Amino acid sequence: MAGDFDVIVIGGGPGGYVAAIRAAQLGMRVACVEKRPTLGGTCLNIGCIPSKALLQSSEKFAEANHAFAAHGVKLSGVALDLPTMMARKDKVVAANTSGVDYLFRKHKIERVSGAAAFTAPGEISVDRKTTMKAKSLIIATGSESMELPGVPVDEKTILSSTGALSLGAVPKHLVVVGGGYIGLEMGSVWSRLGAEVTVVEFLDRIVPNMDGETGAALHKVLAKQGLQFRLSTKVAAAKPGKGGVTLSLEPASGGAAQELKADAVLVAIGRRPYTDGLGLEKAGVVRDNKGRVTVDKRFATNVPGIYAIGDVIAGPMLAHKASEEGVALAEILAGQHGQVNYDAIPAVIYTAPEVASVGRSEEELKAAGLAYKTGKFPFSANARARANGETEGFVKVLADAAADRVLGVHIIGPDAGTMIAECVTAMEFGASAEDIGRICHAHPTLNEAVKEAALAVGGEAIHI
Ligand code: FAD
Ligand code: NAI
């Protein structure tokens, strides 16, 4: 196979498989090496897709239990069939991963099964056997869960996100360590299915990087749903025993320890770049102090012909960020001008209500010393949200005080993840708040709350 390919991609996740497809579209001969039995990486196999399948199913269960009655729909005998829910999730995953196989066949991408390792610059081995060479090699090996000292994951009672996606029974008490994306999404799933859920967060707030007011609103709504929070608290140790785990909790700033018993513990304290066994040192590829592969604006590492994208490099660990980088890099390799606008990458937490944001938070604008104006509009004043019976949350638009250019949008509310796309588009086109406010939005839609929040920046909202 030596010299047969223009590009070899290592890793078939949303970064790698998208880079492979785009490179093939642009006429390159492409191979993708993946060590998992199925394509799609963390996202499709053990991340975005299975978690969203369970979020959807558990939300239906919660609605059947708590929301239908208010609509005049009487149900009785609502019961959880967890094996069916899990089987559906597995089916959704399989449909998505085999979809990537189809796309590879369609684009004549050579799929190579096995673990890739650099043997020299420009050369890899697969499973220490076959040697492959290409003009360009793309590292898209993703990330893995971070471990918490003293709380070793066994995927039975002490779980990573992967274990939490496949529990065979609803735990009576689930303790989630880490109040970030995974903790809140998976905590919501198991809480809706009947578990008592306690989230232990080291810092004094959940989702620390989120706009503060929006994060506080999410905390309040999740607490109302029954999730319990222990903020400014650390887990010092975990002792698995018969039928559960005993955790030792301490104040983050130090002090007396307290015991907390759990049937299961989910450790979700962040992810780190994954380069195990890749032989980066053999190729001479440099990493930063967090283990991320160092790249320039064109995704080039320090070694000519070796590039990196996705979770394994700096930036938010999000599937769509990885994919955008994959497209941009393939275009660069084809001599085009691929690029990613890191100022307009949306982020969504798929709780109920969802939280979605793009651009900067109020805290970031303050820290940067930028003068800004705020426009806010609550869903309680939106006709469609009222008709739907989902009035929790708001849209907040942050705009430059002088130029009115939109600098950030933060939404907590029904379908926020879909609604944010309008705001991303607006920011990509350099829109002002007034621009969004003057766009005609269909009535009655949830998106009218975006328009009204934009109008509110200039004090001109109509419905509040
Ligand atoms: P990955 O998807 O991790 O893919 C890397 C691939 O490389 C893996 O398949 C791995 O097996 C393979 N690989 C590694 N080393 C080698 C080697 N040496 N040889 C061959 N193959 C190798 N992001 C979102 O945007 N939205 C979400 O809703 C979302 N939900 C998530 C839920 C969970 C529970 C988790 C854990 C993550 C979630 N993410 C979500 C994050 C998202 O999964 C990642 O940002 C995304 O998968 C990164 O893509 P990637 O291509 O860089 O890496
Ligand atoms: P995270 O970074 O989102 O959250 C980790 C949380 O754990 C933070 O609040 C942090 O302060 C806290 N923490 C750190 N150390 C701790 C300790 N010792 N004790 C208690 N709390 C501690 O990481 P998470 O939730 O593991 O997710 C990893 C990444 O995966 C996310 O950052 C995101 O990039 C991606 N992801 C994206 C999703 C989405 O887009 N909807 C869903 C799930 C994951």
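The values are calculated or read from the model by the stated rules, or taken from the named source; none is laboratory data. Since the model is a prediction, treat every value here as computed from it, not as a measurement. Glycine gets a Cβ as well: all are built from the backbone with ideal geometry, and neighbour counts include every protein chain shown. Quick note on the areas: whole protein, heavy atoms, side chains included, nothing else; ligands and nucleic acids left out. Shrake-Rupley method; radii C 1.70, N 1.55, O 1.52, S 1.80 Å.
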Legend entry - Two-site FRET efficiency, residue 129 against residue 220, from Cβ-Cβ distance with R₀ of 60 Å, rounded to 0.05: 0.60
Legend entry - Heavy-atom accessible area order for 48, 32, 440, largest first, 1.4 Å probe: 440, 48, 32
Legend entry - trypsin sites (Lys or Arg not before Pro) lying in DSSP loop within the range 268-377, provided at most 16 other Cβ fall within 10 Å: 290, 297, 298
Legend entry - Unmatched cysteines, the chain - criterion: no other Cβ of a Cys under 4.7 angstrom: 32, 423, 440
Inset, instruction - Could you tell me which trypsin sites (Lys or Arg not before Pro) in the range 1-104 are loop residues by DSSP with no more than 10 other beta carbons within 10 angstrom of their beta carbon? - result: 74
Inset, instruction - May I ask for the Rg/Rh ratio of the range 158-269, computed from Cα atoms with Rh as the Kirkwood radius, given to two decimals? - result: 0.95
Inset, instruction - First obtain the Kirkwood hydrodynamic radius of the range 44-153 from its Cα pairs, then insert it into the Stokes-Einstein equation at 25 °C and 0.890 mPa s, and state the resulting D in µm² per second as a whole number. - result: 132
Inset, instruction - Would you mind listing how long the range 344-457 runs along its three principal axes, going by Cα atoms, in whole Å with the largest first? - result: 40, 28, 21
Inset, instruction - Evaluate E = 1/(1 + (r/R0)^6) for residue 64 and residue 166, where r is the Cβ-Cβ distance and R0 equals 22 Å; express this FRET efficiency to the nearest 0.05. - result: 0.45
Inset, instruction - Could you look at the range 56-208 and say what percent of its accessible area is carbon and sulfur, using a 1.4 Å probe and all protein chains? - result: 56
Legend entry - Values of log10 I(q)/I(0), in the order q = 0.05, 0.07, 0.12 Å⁻¹, for the chain under a Debye, Cα-only, solvent-free model: -0.20, -0.40, -1.16
Inset, instruction - Work out, step by step, the length gained on full extension between residue 95 and residue 246: first 0.36 nm times the residue separation, then minus their alpha carbon distance; give nm to one decimal. - result: 50.5 nm
Inset, instruction - Report the extension gain between residue 402 and residue 460 in nm, rounded to one decimal, defined as 0.36 nm multiplied by the number of residues separating them, less their alpha carbon distance. - result: 19.2 nm
Inset, instruction - Write down the accessible area per residue of the range 158-269 in Å², having rolled a 1.4 Å probe over the full set of protein chains. - result: 40
Inset, instruction - Could you tell me which helices of the chain pass both thresholds, a Cα extent of 24 Å or more along their own axis and a mean Kyte-Doolittle hydropathy of at least -0.5, with helices taken as whole DSSP H runs? - result: 48-66, 82-106
Legend entry - Structure-based [θ]222 nm, the chain - -39500 (n - 2.57) summed over DSSP H runs of at least 4, per residue, nearest 500: -9500 deg cm²/dmol
Inset, instruction - State the Cα centre-to-centre distance between the range 18-71 and the range 78-133 in whole Å. - result: 13
